[in-house]
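Quick notes on the structure that follows.
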Amino acid sequence: ISLLTLITFIITQVFSLGFGVSLGIIYFKEDDNIRRNATIWTAFYTLLIFCCCALVILYPLADQISRLLFKEGGFNQLVVFSSISATFGVLCQPFVMQLQFENQAMRYTMFNLIATLVTTALNVVFVVLFRRGVEGWVVSNLIGSVITFVLFAAIAGKRPTLLQLDVAKKLLWLGLPMVPSFIFMLIMQHSGRYMLQAERGLEELGVYNIGYTFGMISSLAVNAFTTAWYPYFNSFVSRQEESRAIFARIATNYVAV
């Protein structure tokens, strides 16, 4: 599971094409709600096209990825299911961000809570009750990802529009330069897992991952802030002079805390 999260992390960061950065910039530069809605749907269509093409390429390489990751084959199905699960997470991103941009905090929190509870319940059913082990964990996460996507797309993805090529170009132009930084982040945060597995085996990697998870508890507060910060920060795109004093105070308090 610890190594499979590497696949999820890579796909989430690379397949998203940096839209986690560029989408907010383009969205808030538009004053018209119709154009803003078109930006969300254009981001979704662009991600959908790229993700479908990427999965078609990745599918025949599942065995090679399995051997690279686990030093042996036979985990093709786990690799494929993990890839598809991560892809649904990527496709959900524009609709999740739309709720943030529109300051729908209650809906955003409620939908994320429902998605988390559903996925956790599926984990328990497949792993504990059905005793499917790692396969059960992967399958339940895939089902949870699909349900989460449908939930956010049905509620947040209102008023579908056609693909806007000019908007897609802007999203890619601003987003793609961010992809290398995600790769460096992968090396910093996750490469140790691969090294530990190669040197000491899966058993010790599993113990390490449990400790790593407890250590990441401190990130809950940081992630909560950054989730709220991104749409708030971008809302000042047309009033940058006003942001100078406000951002300075926020930065000082954030670093202090």
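Is there a quick way to get the dipole size of the chain? I mean about its Cα centre, with the Cβ of Lys and Arg at +1 and of Asp and Glu at -1; what is the value in debye to the nearest 20?
With only Lys, Arg, Asp and Glu charged at Cβ, the dipole is about 280 debye.
Using only the Cα atoms of region 1-153, each taken as one equal point scatterer with no solvent, compute I(q) by the Debye sum, divide by I(0), and report log10 of the ratio at q = 0.10, 0.12, 0.19 Å⁻¹.
Treating every Cα as an identical point scatterer, log10 I(q)/I(0) equals -0.40, -0.56, -1.17.
Arranged from highest to lowest average of other beta-carbon atoms within 10 Å per residue, in what order do the peptides 66-78, 10-22, 200-212 appear?
The most tightly packed comes first, giving 10-22, 66-78, 200-212.
Sort Ile143, Ile26 by heavy-atom solvent-accessible area, probe 1.4 angstrom, most to least.
Ile143, Ile26
Hey, any idea what % of region 1-151's accessible area is carbon plus sulfur with a 1.4 Å probe?
Within region 1-151, the accessible surface is 70 percent carbon and sulfur.
Using 0.36 nm times the number of residues separating Tyr208 and Ala256, minus their current alpha carbon distance, what extension gain do you get?
14.3 nm
Can you give the Kirkwood hydrodynamic radius for region 145-257, in Å, rounded to one decimal and based on Cα pairs?
18.9 Å
Provide the per residue accessible area, probe 1.4 Å, for the chain, rounded to a whole number of square angstrom.
Accessible surface, normalised per residue, equals 57 Å².
Compute from the Cα atoms of region 76-210 the Rg and the Dmax, the latter being the longest Cα-Cα distance, and quote both in angstrom.
For region 76-210, the Cα radius of gyration and maximum Cα-Cα distance read 18.2, 53 Å.
Please name which of Ile246, Gly74, Asn112 has its Cα lying farthest along the dipole of the chain towards the positive end, using unit charges on Cβ (Lys, Arg +1; Asp, Glu -1) and the Cα centre as origin.
Going by the charge dipole, the pick is Ile246.
For Met185, tell me the accessible area in Å² from a 1.4 Å probe, rounded to the nearest 10.
70 Å²
Subtracting the Cα-Cα distance from 0.36 nm times the residue separation, let me have the gained length for Phe130 to Asp166 in nm, one decimal.
8.1 nm
Which value, to two decimals, describes the C-alpha radius of gyration of the chain once divided by 2.2 N^0.38 Å?
So the chain has a normalised radius of gyration of 1.08.
What ranking of Trp137, Trp173, Trp41 comes out by heavy-atom accessible area, probe 1.4 Å, highest first?
Trp173, Trp137, Trp41
With θ taken as phi - 60° and the coefficients 6.51, -1.76 and 1.60, list the Karplus ³J(HN,Hα) couplings across region 110-116 in order, rounded to whole Hz; mark glycine and proline as x.
5, 5, 5, 5, 4, 4, 5
Treating each Cα of region 19-101 as an identical point scatterer and ignoring solvent, apply the Debye formula and state log10 I(q)/I(0) at q = 0.19, 0.20, 0.21 Å⁻¹.
-0.80, -0.85, -0.89
Just to check I understand the Karplus step: with θ = phi - 60° and J = 6.51 cos²θ - 1.76 cosθ + 1.60, what whole-Hz values come out for region 170-181, glycine and proline as x?
Each residue of region 170-181 in turn: 5, 4, 5, 4, 8, x, 4, x, 7, 4, x, 5 Hz.
Taking the alpha-carbon set of region 111-165, what are its Rg and Dmax in Å?
14.7, 48
State to the nearest 20 debye the size of the charge dipole of region 21-128 about its Cα centre, where the only charges are +1 on K and R beta carbons and -1 on D and E beta carbons.
100 debye
The values are calculated or read from the model by the stated rules, or taken from the named source; none is laboratory data. Predicted model, so just to flag it, every value in this text is computed and none were measured. Every residue, glycine among them, receives a Cβ derived from its backbone with ideal geometry; neighbour counts consider all protein chains shown. Calculation scope for accessible area: heavy atoms of the full protein, side chains included, ligands and nucleic acids excluded. Shrake-Rupley method; radii C 1.70, N 1.55, O 1.52, S 1.80 Å.
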